[in-house]
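Asks: Structure provided below as structure tokens; questions to follow.
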Amino acid sequence: METMVRPSNGFLSALSADDYELIRAHLRTVDLPHDAVLVETGETLKRAYFPHRGVISLIVKLAKGEHVQVAMIGRDSLLGTLATMGDACALNTAVVLVPGAASVMDLDRLRIAAEQSSTLRTMLTRHGLAMYAQVQQTAGCNAAHPVEARLSRCLLHTHDWSGDYRLLLTQEAMAQMIGARRNSVSLVANTLQQANFIHYSRGHIQILNLDGLRQTACECYATVKAQYDRLLGP
């Protein structure tokens, strides 16, 4: 059992052999197409998603039509962690930001497994806390920090959680990520490109200089990363 090849997702990889066996038979692999809506606000979340590649964006939709990203889920975690411990009604809309693939299972099955294992419940709780830390820091960052620092932070997180240097991100998507207007995103993306930190063309971003982005990002990138490392391990 210990030598069994698991999907390349941080949550699944970190499970003990006994805990993984509780859910193994219920996992299946699906594609995560770009812009696919996994659940809308107010709907019941029926499946847990464990990304192998790609990034899921959690979006709040406001009354006047604005869409603001509040968190991202990538290959280190899962969509559905808090729903296993309470209400499965989605508090936000989940959309595939970066395409990829994921393991999925029925949320009811994951909930049953968590009821059978205290260590699995602890893992789910720690992933929920990491998500809360990201949401909290994002709120503060978008309210207080310059657009250039916010975009650099989001590009770094997207790289970390997707595992890719090439990202498909429209100006609209980046505006949602940092809570800014599209024209501001265009100006800042151009600034980062002139500094040779990224190459940006028609929604395609290639990250060229991670250190440059880290120097441009605010402290929120390092703060979130430190919380994830503390709660989830390196």
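The values are calculated or read from the model by the stated rules, or taken from the named source; none is laboratory data. Keep in mind that this is a model prediction, so the values were computed, not measured. Quick note on the areas: whole protein, heavy atoms, side chains included, nothing else; ligands and nucleic acids left out. Shrake-Rupley method; radii C 1.70, N 1.55, O 1.52, S 1.80 Å.
Asks: Can you tell me the 0 to 90 degree angle between the C-alpha axis of helix 147-162 and the longest principal axis of the chain, rounded to 10?
Replies: Roughly 30 degrees, rounded to the nearest 10.
Asks: Also: Please calculate the 1.4 Å probe accessible area of His204, with all protein chains present, and give it to the nearest 10 Å².
Replies: 110
Asks: Assign one of three labels to segment 33-147, namely rounded, prolate or oblate, based on the Cα gyration tensor with a ≥ b ≥ c the square roots of its eigenvalues; rounded applies when a/c is under 1.5, prolate when it is not and a/b is larger than b/c, and oblate otherwise.
Replies: Note, shape of segment 33-147 comes out prolate.
Asks: For the Cα atoms of the chain, what angle does the longest principal axis make with the long axis of helix 182-194, in degrees from 0 to 90, nearest 10?
Replies: Value to nearest ten degrees: 80.
Asks: What number comes out for accessible area per residue over the chain if the probe is 1.4 Å? Units Å², please.
Replies: Here the per-residue accessible area is 49 Å².
Asks: Something else: Need the list of aspartates and glutamates near Lys61 for cross-linking: C-alpha distance under 16 angstrom, and skip anything on the same chain fewer than eight residues off.
Replies: Answer for Lys61, where 16 Å is the Cα cut-off: Asp35, Glu40, Glu43, Glu172, listed by chain and number.
Asks: Give me the percent of accessible area attributable to carbon and sulfur for segment 10-141, probe 1.4 angstrom.
Replies: Whole-percent figure for carbon plus sulfur exposure: 52.
Asks: Once you have the Cα-Cα distance between Leu208 and Ser186, take 0.36 nm times their residue separation minus that, and quote the gain in nm to one decimal.
Replies: Additional length available on full extension: 6.1 nm.
Asks: Continuing with this model, one more query. Would you mind listing how long segment 1-84 runs along its three principal axes, going by Cα atoms, in whole Å with the largest first?
Replies: Per principal axis, max minus min of the Cα coordinates gives 52, 22, 19 Å.
Asks: So which aspartates and glutamates can Lys46 reach, going by Cα to Cα under 18 Å and dropping same-chain residues fewer than 8 places off?
Replies: Asp31, Asp87, Asp106, Asp108, Glu115
Asks: Identify which of the listed values of Rg/Rh (Cα atoms, Kirkwood Rh) was calculated from the structure shown: (1) 0.97; (2) 0.95; (3) 1.02.
Replies: Checking each listed value against the structure points to (1).
Asks: How big is segment 86-198 on each of its three principal axes, counting only the C-alpha atoms and giving the largest first in Å?
Replies: If we take the Cα atoms of segment 86-198, the spans are 54, 30, 23 Å.
Asks: First check a/c for segment 146-217, with a ≥ b ≥ c the square roots of the eigenvalues of its C-alpha gyration tensor; if it is under 1.5, answer rounded, and if not, answer prolate when a/b is larger than b/c or oblate otherwise.
Replies: rounded
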